[in-house]
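J.: Take a look at the following structure, please.
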Amino acid sequence: MLKENYAQVLNNIKTACEKAGRQVSEVTLIAVGKTKPVSMLAEVYEVGARDFGENKVQELTEKQEQLPKDIRWHMIGHLQRNKVKYLIGKTALIHSVDSFRLAEEISRQAVKEQVTVDILVEVNIAGEESKFGTTGEEATALVEQIAVLPGVHIRGLMTIAPFVENPEENRLYFRKMKELSVDIMKKNIDNVDMDVLSMGMTGDYMVAIEEGATMVRVGTGIFGERNYSI
Ligand SMILES: *Cc1c(COP(=O)(O)O)cnc(C)c1O
């Protein structure tokens, strides 16, 4: 089941890339295994998955200890400053940096551990009240502010688009994210790269790819529905 799901998602990515005239190698699939057991993650690892996403620090570190060491772990959920220290050195990328104070704490801990932490700045592109992230208007200023911090390296932007029935409704937001990323890239800010654009989830990743996503975060489409009641 999971293997078929995973293969299906890869195939959809290929289709979206073909439609957009992009190379499949430009897009990384992140398998989001939150709430799912390690055994299920291991199953998709076996068929080639190497990028896994989690939204809780403890879940990420616990799963990391039990799974092969060549997995790249992505922190995609809201991160509290007091949890940052447990994450340093364990992630390939932290997608959810939504404030200067959080970036400062990552910087402080990274310097202490003598590592550089790759991060994305999270943008609440639709301005939803329920979502974390900086606004589209403030994103550039936040990137400039974070860029001077030691021990952190901005690799791009991330967004969680609204939950919609029809993914076409999010196309405009994905397009805005791409434009924002290009605008920031053109500023040539020291210590800032804009090579990553993390957007698109189970419901809308094909549209996100058509609009320029380089990382898509897919949970339900691979592992099935999550049950939060148990
Ligand atoms: C849970 C989650 C996903 C995956 O969501 P699905 O709709 O299950 O694909 C992607 N990104 C973030 C930030 C998440 O928290």
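J.: If amide H atoms are built 1.01 Å from N in the plane of the peptide, which residues on other chains or at least 5 residues away come under 5 Å of the amide H of VAL152?
T.: Correct list: VAL117.
J.: Given R₀ = 41 Å, FRET efficiency for GLU128-SER39 by Cβ-Cβ distance, to 0.05? Before the final figure, lay out the partial values.
T.: On the way: r = 34 Å, r/R0 = 0.84.
Using R0 = 41 Å, I get an efficiency of 0.75.
J.: First select every other residue whose beta carbon is under 10 angstrom from the beta carbon of GLY200; then total the charges, Lys and Arg +1, Asp and Glu -1. All intermediate terms of the calculation are to be shown ahead of the outcome.
T.: Details: positive: ARG217; negative: ASP204, GLU210, GLU211.
For residues surrounding GLY200, the net value is -2.
J.: Enumerate the calculated ³J(HN,Hα) couplings along the range 121-131 in order (Karplus 6.51 cos²θ - 1.76 cosθ + 1.60, θ = phi - 60°), each rounded to whole Hz, writing x wherever the residue is Gly or Pro.
T.: So the J values, rounded to whole Hz, are 9, 7, 10, 8, 5, 8, x, 6, 5, 7, 10.
J.: Using R₀ = 30 Å, calculate the FRET efficiency as 1/(1 + (r/R₀)^6) where r is the Cβ-Cβ separation of ARG226 and GLN114; round to 0.05.
T.: On the way: r = 37 Å, r/R0 = 1.23.
Plugging the Cβ-Cβ distance into 1/(1 + (r/R0)^6) gives 0.25.
J.: Next question, about the same structure. Ignoring ligands, DNA and RNA, please state the percent of accessible area on the chain from carbon and sulfur, probe 1.4 Å. Walk me through the intermediate numbers first.
T.: Working: 5490 of 11360 Å².
Of all accessible area on the chain, carbon and sulfur atoms account for 48 percent.
J.: How much net charge surrounds ASP70 when only the other residues with a Cβ under 11 Å from the Cβ of ASP70 are counted, with Lys and Arg +1 and Asp and Glu -1? Provide the component values of the computation, followed by the final result.
T.: Details: positive: ARG50, LYS69, ARG72; negative: ASP51.
Residues near ASP70 contribute +2 overall.
J.: What percent does the relative contact order of the chain come to when contacts are Cα pairs within less than 8 Å and at least six residues apart?
T.: Details: 448 pairs, mean separation 47.9, N = 230.
Dividing the mean separation by the residue count of the chain yields 21 percent.
J.: Taking amide hydrogens as modeled 1.01 Å from N in the peptide plane, which residues meet the under 5 Å criterion relative to THR134, leaving out close sequence neighbours?
T.: Those lying under 5 Å, H to H, from THR134 are GLU122, VAL123, ASN124.
J.: Can you list the HN-Hα couplings for the range 167-179, worked out from phi with the Karplus curve (6.51, -1.76, 1.60; θ = phi - 60°), rounded to whole Hz and with x for Gly and Pro?
T.: Computed from phi, the couplings for the range 167-179 are x, 4, 4, 9, 4, 4, 5, 5, 5, 4, 5, 4, 4 Hz.
J.: Using the Cα gyration tensor of the range 2-223, with a ≥ b ≥ c the square roots of its eigenvalues, what is the shape: rounded (a/c below 1.5), prolate (a/b larger than b/c) or oblate (neither)?
T.: oblate
J.: Each residue of the range 201-210 in turn: what ³J(HN,Hα) in whole Hz from Karplus with 6.51, -1.76, 1.60 and θ = phi - 60°, glycine and Pro shown as x?
T.: Residue by residue, the range 201-210 yields 10, 3, x, 9, 5, 5, 5, 4, 5, 4 Hz.
J.: Heavy-atom accessible area per residue, the chain, 1.4 Å probe: how many Å²?
T.: Values: 11360 Å² over 230 residues.
Heavy-atom accessible area per residue stands at 49 Å².
J.: Can you show me the helix-derived [θ] at 222 nm for the chain, built from DSSP H runs with n ≥ 4 at -39,500 (n - 2.57) apiece and divided by the number of residues, rounded to the nearest 500.
T.: Rounded to the nearest 500, the figure is -11500 deg cm²/dmol.
J.: Taking 0.36 nm per residue of separation and subtracting the Cα-Cα distance, what length does fully extending LYS186 through VAL164 add?
T.: Answer, rounded to one decimal: 4.8 nm.
J.: Provide the packing ranking of 106-118, 17-29, 147-159, 203-215, i.e. peptides ordered by the mean count of other C-beta atoms within 10 Å per residue, highest first. Don't jump to the answer; show the numbers that get you there.
T.: Working: 106-118: 17.0, 17-29: 14.8, 147-159: 20.8, 203-215: 23.6.
The most tightly packed comes first, giving 203-215, 147-159, 106-118, 17-29.
The values are calculated or read from the model by the stated rules, or taken from the named source; none is laboratory data. Being a predicted model, the structure only gives us computed values, none of them experimental. Ideal geometry is used to build each Cβ from the backbone, glycine not excepted, and the neighbour counts take in all protein chains shown. Surface accessibility is based on the protein's heavy atoms, side chains included, excluding ligands, DNA and RNA. Shrake-Rupley method; radii C 1.70, N 1.55, O 1.52, S 1.80 Å.
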